[in-house]
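First comes the structure, then the notes that go with it.
Bear in mind these aren't lab numbers, they're just calculated from the coordinates by the rules spelled out. Note that the structure is a prediction, hence the values are computed from the model and not measured. Note that we place each Cβ from the backbone using ideal geometry, even for glycine, and neighbour counts take in every protein chain shown.
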Amino acid sequence: VQELAVTVDHGRKTLLDEVSFPVGEKTLLAVVGPSGAGKSTLLGALTGQRPADRGTVLYDGRDLYRDYAELRQRIGLVPQDDILHLQLTVRRALAYAAELRFPGDTAPAERHARVEEVIGELGLTERADQPIHSLSGGQRKRVSVALELLTKPSLLFLDEPTSGLDPGMDRSVMHMLRGLADDGRTVVVVTHSVLSLDVCDRLLVLAPGGRVAYYGPPGDTLSFFGFDQWPEAFEAFETERERDWAGQYRGSRFHRRYIEDATVRPYAPVPGGAGAGEVPSGVPAPPPKAQSWGGQLRTLVRRYTAALAADRTFLAIMVALPFVMGAMARALSEGSLNPESTLNVLLILCVGGVLTGAANAVRELVKERSIYRRERAVGLSRSAYLASKVVVLGTVTVVQAVVLTLVALVGVPLNVPDGKGVLMPALVEITLAVALLAFTAMMLGLLVSALVRKEEVTMPLLVLLAIVQVVFCGALLNVRGTPVLEQLAWLVPSRWAFAAMGATIDIGTVAPSEKTADPLMDHTVTAWLFDMGMLVVLCLVLGIAVSRLLRRHEPVVMRR
């Protein structure tokens, strides 16, 4: 690591300040420091999640940022948040991860053998068929590490792996990391815990401002600072702001031995090889052949379907919602669609379609953000990921919409003046309109999920979405001819679905009023196809927008 520097606010604030250090193989390095010292920033720079503004990260003489496409397969990263589908069992989660991460020509038997090998290596054999959500914090962290070890990375990073664990579990996790380093890996762990630093080979202490206050053996750290306990040292970082921690270290024997001398040796010129700090000669090995786009899509669809099927709460809501909304619409029909009930029935169908679609999708991207970010870093296709969501959620949503419409209208006289819709039977056309509305609302839910930062804010936004659909659909207000209101309604899916259903039943004749005297609701093929076509256009626009928003959550080095 050579002179990494990261600044924000146009250079006015420094997060990392000329950080340099070497890490060898079979080494366990812990990174500690007070809050705001730049530990997470350093981790982002070392893994390519957020490359440094200046400086280089050389991995076996290769520039990480330049050769990221190849080196990312040799780097494992366990973020603080879980990168697992908690509903799946340990073995199934690892099996799906192996399918996504292994080269496309890997034999299934080879993947299975590697999964079983990692399960045994991490001591998870007895828990292999247990759902991940039922595991303890330490066991869950072991599964996260196991997932990263599938591809046999030689460099493993962990962000706060012992956060929230009791001292015993803390010690257990650190000893596990010690064992992984002894097996030949380089392990770098960012931590707030100082309970088990004695098992590490090297300790990097960052002072406020992102400067190196110490790098060397953990046992010499406190004596170097002049303290007996770690709390005293951390308190000093906060209170002695004027103390030149980095300068004190640069003038010490530790800096000369563990940084200056150790940095020269790995990059010393060798006969026929590269010069100091240069990339070795020869053509870099190409990255392993990733799984094809279709293969990724099939794996993602199977994994997502399995995760949803294991979520009993989601299944209960998914089954109950269309029946409840359909029963409400049926009750409001008063036995048939008449001038008094028609608007109410179509309104409930619109609200039901929007709720079923948006409720399915509004949490799906934000709750998997850590998973997506990590899998994207190791080669996951963004479009395959989004397509898997659309395929699975779209299928669920369309089925719900069909059930909703049939519960509401089967056996209910629609009283269409000529007895049929504009192209097909009236019930079929209404079902298609509700299904397409629900699908569009699902895409809108994915957009919200891609926009928000926290899962907790999705439910209030879902309520807001439902209210907007009610206001702008055209059942309560006359949106046609009202400046601004009419233009805003063009962006609301329920406006077009309501108009399509109105065109099907010739609502201007069945329930004549100022609100239904709308060309979009004319009982003509042109009006119906235009309304349905606008829903398709909205779907496509929303899909493009979601894809662009997903890009924001990818490693920065992949966007360059």
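Key figures for this structure:
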quantity	calculated
Virtual spin-label span in nm between Val402 and Leu423, 7 Å along Cα→Cβ	1.8 nm
Theoretical ellipticity at 222 nm over the chain - DSSP helices of four or more residues, -39500 (n - 2.57) apiece, nearest 500	-16000 deg cm²/dmol
FRET E, pair Arg243, Leu464, Förster distance 41 Å, beta-carbon r, rounded to 0.05	0.20
Solvent-free Debye scattering, log10 I(q)/I(0), computed from the Cα coordinates of the chain at q = 0.08, 0.09, 0.10, 0.11 Å⁻¹	-0.66, -0.78, -0.88, -0.99
Between helix 108-121 and the chain: long-axis angle, C-alpha atoms, 0 to 90°, nearest 10	60 degrees
Across Lys13/Lys152; Lys26/Lys454; Lys26/Lys367; Lys389/Lys420; Lys26/Lys141, pairs whose alpha-carbon gap is larger than 32 Å	Lys13/Lys152; Lys26/Lys454; Lys26/Lys367; Lys389/Lys420
0 to 90° range, to nearest 10: angle between helix 230-239 axis and the chain longest Cα axis	70 degrees
Diffusion constant of the range 72-177 at 20 °C, which comes from Stokes-Einstein with the Kirkwood Cα-pair radius and 1.002 mPa s, µm²/s	154 µm²/s
Scattering curve values for the range 373-417, log₁₀ I(q)/I(0), Debye with Cα scatterers, q = 0.16, 0.17, 0.28 Å⁻¹	-0.61, -0.64, -0.93
Mean Cβ neighbour count within 10 Å, used as a protection proxy, ranking 332-344, 231-243, 9-21 highest first	332-344, 9-21, 231-243
Estimated FRET transfer efficiency (Asp228, Arg551; beta-carbon r; R0 51 Å; 0.05)	0.55
The chain: angle of helix 458-472 to the longest principal axis, Cα-based, in degrees nearest 10	30 degrees
Using a Förster distance of 25 Å, the FRET efficiency for His10-Tyr65 (Cβ separation, nearest 0.05)	0.70
Sorted by Cβ density within 10 Å, fewest first, the residues Ile119, Ile430, Ile317	Ile317, Ile119, Ile430
Estimated inter-spin distance, Asp129 and Ile544, nm [label 7 Å along Cα→Cβ]	5.0 nm
